[in-house]
1. Could you identify the single residue in B:I216, B:I199, B:I268, B:I234 that is touching a helix residue (DSSP H, G or I) at 6+ places or on another chain (Cβ under 9 Å), farther than 22 Å from B:L163 by Cα and buried (at least 24 other Cβ atoms within 10 Å of the Cβ)?
2. So, in segment A:215-254, exactly how many residues are surrounded by fewer than 19 Cβ atoms within 10 Å (Cβ to Cβ) and assigned to a strand (DSSP E or B)?
3. If I filter segment B:43-50 for residues that are over 17 Å from B:V149 (Cβ atoms), surrounded by fewer than 19 Cβ atoms within 10 Å (Cβ to Cβ) and more than 8 Å from chain A (Cβ to nearest Cβ), do I get at least one hit?
4. Taking the conditions exactly as written (buried (at least 24 other Cβ atoms within 10 Å of the Cβ), within 14 Å of chain A (Cβ to nearest Cβ) and farther than 26 Å from B:Q120 by Cβ), does B:V26 satisfy them or not?
5. Yes or no: A:F98 within 20 Å of A:D18 (Cα to Cα) and modelled with pLDDT of 95 or more?
6. Output the residues belonging to segment A:103-132 that are more than 10 Å from chain B (Cβ to nearest Cβ) and touching a strand residue (DSSP E or B) at 6+ places or on another chain (Cβ under 8 Å).
7. For segment B:225-319, list the helices (runs of 4 or more DSSP H) that sit wholly inside it and hold at least 2 residues that are in contact with a Phe, Trp or Tyr (Cβ under 6 Å, 6 or more places away or on another chain), charged (D, E, K, R) and outside the structural domain of B:R213 (by TED's automatic domain parsing); which are they?
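The values are calculated or read from the model by the stated rules, or taken from the named source; none is laboratory data. Because the structure is a prediction, the values reported are computed rather than measured. Here Cβ is always computed from backbone atoms with ideal geometry, including for glycine, and neighbour counts include all displayed protein chains.
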Amino acid sequence: MAETLTPEKREYLQKIADKIRRNVLEMIYKAQSGHLGGSFSVAEIVSVLYFSEMRIDPDNLDWPDRDRFVPSKGHCAPAIYAALVLKGIVEPEALSDFRQTGGILQGHPCMNKVPGIDISTGSLGHGFSVAMGMALGARLKKKDFNVYVLLGDGELNEGQNWEAAMATDKLFLTNLTVIVDRNRVQLDGPTKKIMPLEPLVEKWKAFNWKTKTIDGHNIKEILEAIRWAKANLRDPSVIIANTIKGKGVSFMENTHEWHGKPPNQEEYWRALKELGGQEDE
Amino acid sequence: MNKLVSMRESYGEALLELGKDNPDIVVLDSDVAHSTKTIYFAKQFPDRFFNFGIQEANMMDAAAGLASVGLIPFVNTFSFLATLRACEQIRSSVAYNNLNVKIIGSYGGLSDSYDGASHQSVFDLAVMRSMPNISVVVATDAIETKKMVRGIASIQGPIYLRLCRNEVAVFFDEDYEFVLGKANVLRQGSDLTLVVTGILLERTMSAADELAREGIECRVLQVPTLKPIDSEAITKVSEETGALVTVEEHNIIGGLGSAVAEVLGSSIPAPLERIGIPDVFAESGDYNQLLDKYGMSCQDIIRAAKLVLKRKGMSKNNR
């Protein structure tokens with residue numbers, strides 16, 4: 001697992017991220033409902049977690065020693081579902097029933113419906129605390145698994161995250177890694193306008209966290225940051241991943257307008273083309 | 001007069017005993033361990049006790065995480081904080097995921113009487129009852145509390161247990177067995193049924209005694225589980241006694257009275273009166289005085305009993 005990042009592997013992980021984006025687009029276009037912007041911004045992070053760093057076994061989903069992943073910004077569900085399909089955990093046919101009555105792929109991840117989901121998320125501000133409970137559980141159960149939690153930057157408006165930041169430090173949970181998807185846009189507009197977060201790094205530092213700021217679309221930087229966090233057994237670690245909301249589709253980038261809007265047919269084809277669609281599907 | 005024993009002391013001791021037998025029991029508290037009496041567990045098992053400070057929301061979600069990896073968390077705080085401050089955490093993380101979290105609402109009802117309405121908990125049952133997957137139980141005395149601690153730990157799934165802060169009359173003996181979803185007939189009678197949950201059992205029994213002196217024979221059905229409600233037992237007393245009074249230390253909206261009305265509405269309806277807090281916030285004061293002032297006196301129960309009896313007679317005459 002800890003092998004070095006060869007150019008081949010880097011390319012492979014990027015290709016996975018690209019596929020995730022195309023699947024996300026397709027799902028949301030078909031359902032005419034879902035969150036494009038925040039699913040695109042996490043594609044590389046999700047790729048590196050599922051296809052390189054997380055200890056999971058598609059043939060043994062309930063493995064007690066598996067790493068846990070908590071996508072606390074549950075509206076990035078399409079990106080997670082795409083990864084689960086590529087991983088062979090969810091049947092590809094399920095994607096066409098995303099958000100549809102009777103389908104398993106709920107608008108937000110549901111652990112009791114979707115195989116491979118460790119905890120349901122969707123309502124913002126819970127995942128960090130839940131992940132902390134899991135990390136504490138690992139210690140009590142004498143397991144060495146890691147817990148990864150993916151937070152939206154808008155989600156950090158929720159005060160409960162800062163309760164969890166305090167408690168993780170108190171409980172000395174170094175098997176928990178927080179990744180902040182810092183795309184700087186939330187539903188109603190820029191984070192800086194809706195509820196300013198800066199100085200964000202200093203906030204985490206003030207809670208006794210070790211921080212690393214990276215380019216959240218750079219496979220190498222993501223992978224190295226995750227390994228840095230895993231290796232740090234003295235402090236809780238947070239990775240601030242600078243990302244672009246809507247990354248990959250020019251007209252969707254850096255705007256809140258594509259937070260939760262589905263594309264029409266014309267927009268779908270334009271977006272698919274920009275995402276390199278129809279090349280290797 | 002039955003012996004008075006502290007319910008929270010009993011809870012603290014029972015939790016400690018449970019911890020000795022089951023290494024998966026973990027206890028979470030939010031800076032009220034000396035009040036909830038989880039302090040006994042904390043002292044004996046410091047590695048399995050977590051004080052979250054004043055962070056009820058964070059604590060509740062952390063419990064969900066702990067349960068998801070196979071532990072059995074008992075989450076402790078005041079009842080109103082557990083069910084309202086951390087309500088959405090219960091909904092989104094505990095109930096929706098159907099996780100094995102035991103939520104202990106201490107200081108239920110008006111029992112934190114002197115602290116006033118800010119600390120009293122009179123709609124916790126309504127909130128918890130409306131949430132899918134969660135079972136709702138209310139302790140009556142120190143013995144039942146002890147039995148419930150064992151009982152709820154052995155049942156897989158989320159459960160809300162409401163406790164009283166104070167010393168309350170003991171009714172049950174060590175032979176009592178708590179069965180989730182089962183109501184208990186504690187007194188026989190055929191004129192009407194007093195249906196009661198929680199610590200108002202003492203007042204309910206006194207009311208039944210007094211009514212008996214006037215020739216009115218009450219059956220007393222004690223309901224420790226509000227959800228799943230024992231529909232069978234309620235239907236049976238409705239059929240056999242034809243009139244009911246519910247008695248609870250809770251807003252008359254959404255608690256036991258509502259649960260019983262729901263059952264009667266779809267089975268065998270009968271005249272029903274609901275004793276409880278008449279949809280108001282209470283105030284600071286002596287516990288028993290508050291129970292009297294806010295509609296839960298022995299006389300209130302007696303009045304309600306006579307009222308349903310009268311309506312029962314009227315409905316019979318109309319047949």
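1. It is B:I234.
2. Looking only at that region, the number is 2.
3. Within segment B:43-50, one or more residues are over 17 Å from B:V149 (Cβ atoms), surrounded by fewer than 19 Cβ atoms within 10 Å (Cβ to Cβ) and more than 8 Å from chain A (Cβ to nearest Cβ).
4. Judged against the criteria, B:V26 is a match.
5. In short, yes.
6. A:P109
7. In segment B:225-319, no matching helices (runs of 4 or more DSSP H) lie anywhere.
A quick yes/no check of all residues on (1) within 23 Å of A:G189 (Cα to Cα); (2) surrounded by fewer than 24 Cβ atoms within 10 Å (Cβ to Cβ); (3) among the charged types (D, E, K, R):
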residue	(1), (2), (3)
A:K30	no, yes, yes
A:S39	yes, no, no
A:M54	no, yes, no
A:L61	no, yes, no
A:R66	no, yes, yes
A:A83	no, no, no
